[in-house]
Amino acid sequence: MPADPSRLGEVEQLVLLAVLRLESGAYAVPIRDVIETHTGIALARGSIYITLDRLEQRGLVESAMSEPTPEPGGKSRRVFRIRPAGIAALRAARRAVDRLAAGTLLG
């Protein structure tokens, strides 16, 4: 049975939330920093890139190349933006956790 494309794993949820929080400045390094700052979870940069690629293939985020940074030899960055399907997937994940937690010590 194929996996539901709207289902999110924990790292996918963290990355999507970081992209949402960062708005237009979402690329791998600040995404990693936001996740570590707000959760204490230190992810490898490679896992951020892999997750972003997977989320983009699923239509949950989109990317574009930024303008080069202003210093001589400045680099362009691949920046990400959450798409409506990404927000919907985050909401669905949150509802699923809330339903599961209801009636327990957590709910």
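The values are calculated or read from the model by the stated rules, or taken from the named source; none is laboratory data. Everything numeric here is computed off the predicted structure, so don't read it as measured data. Here the Cβ positions follow ideal geometry from the backbone for every residue, glycine too, while neighbour counts run over all protein chains shown. Side chains included, ligands, DNA and RNA excluded: accessible areas come from the protein's heavy atoms. Shrake-Rupley method; radii C 1.70, N 1.55, O 1.52, S 1.80 Å.
Look at (1) in a helix (DSSP H, G or I); (2) open to solvent by less than 30 Å² (accessible area, probe 1.4 Å); (3) among the hydrophobic types (A, V, I, L, M, F, W, C) and you find that Val29 fails only one, number (2). Against the numbered list (1) touching a residue at least 24 places away in the same chain (Cβ under 8 Å); (2) buried (at least 16 other Cβ atoms within 10 Å of the Cβ); (3) closer than 18 Å to Leu8 by Cβ, Thr39 comes up short only at (2). Of the residues Val61, Val29, Val19, Val34, the single one that is of a type outside the set (Gly, Ala, Ser), farther than 17 Å from Gly86 by Cα and within 11 Å of the chain's Cα centre (by Cα) is Val34. In the range 13-26, how many are without any contact (Cβ under 8 Å) to a residue 60 or more places away in the chain and either loosely packed, with under 12 Cβ neighbours inside 10 Å or part of a helix (DSSP H, G or I) (or both)? Total meeting the criteria: 8.
Test Ala88 against the stated conditions and say whether it is open to solvent by 60 Å² or more (accessible area, probe 1.4 Å), at pLDDT 95 or above and over 10 Å from the mean Cα position of the chain (by Cα).
Details: open to solvent by 60 Å² or more (accessible area, probe 1.4 Å): no; at pLDDT 95 or above: yes; over 10 Å from the mean Cα position of the chain (by Cα): yes.
Judged against the criteria, Ala88 is not a match.
Quick grid of which residues meet (1) open to solvent by 90 Å² or more (accessible area, probe 1.4 Å); (2) in contact (Cβ under 8 Å) with a residue 40 or more places away in the chain; (3) assigned to a helix (DSSP H, G or I):
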{"site": "Leu52", "(1), (2), (3)": "no, no, yes"}
{"site": "Glu67", "(1), (2), (3)": "yes, no, no"}
{"site": "Gly73", "(1), (2), (3)": "no, no, no"}
{"site": "Arg99", "(1), (2), (3)": "yes, no, yes"}
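Residues that are within 15 Å of Ala18 (Cα to Cα) and in contact with a Phe, Trp or Tyr (Cβ under 9 Å, 6 or more places away or on another chain) within the range 51-77 comprise Leu52, Leu55, Glu56, Val61, Glu62, Ser63, listed in sequence order.
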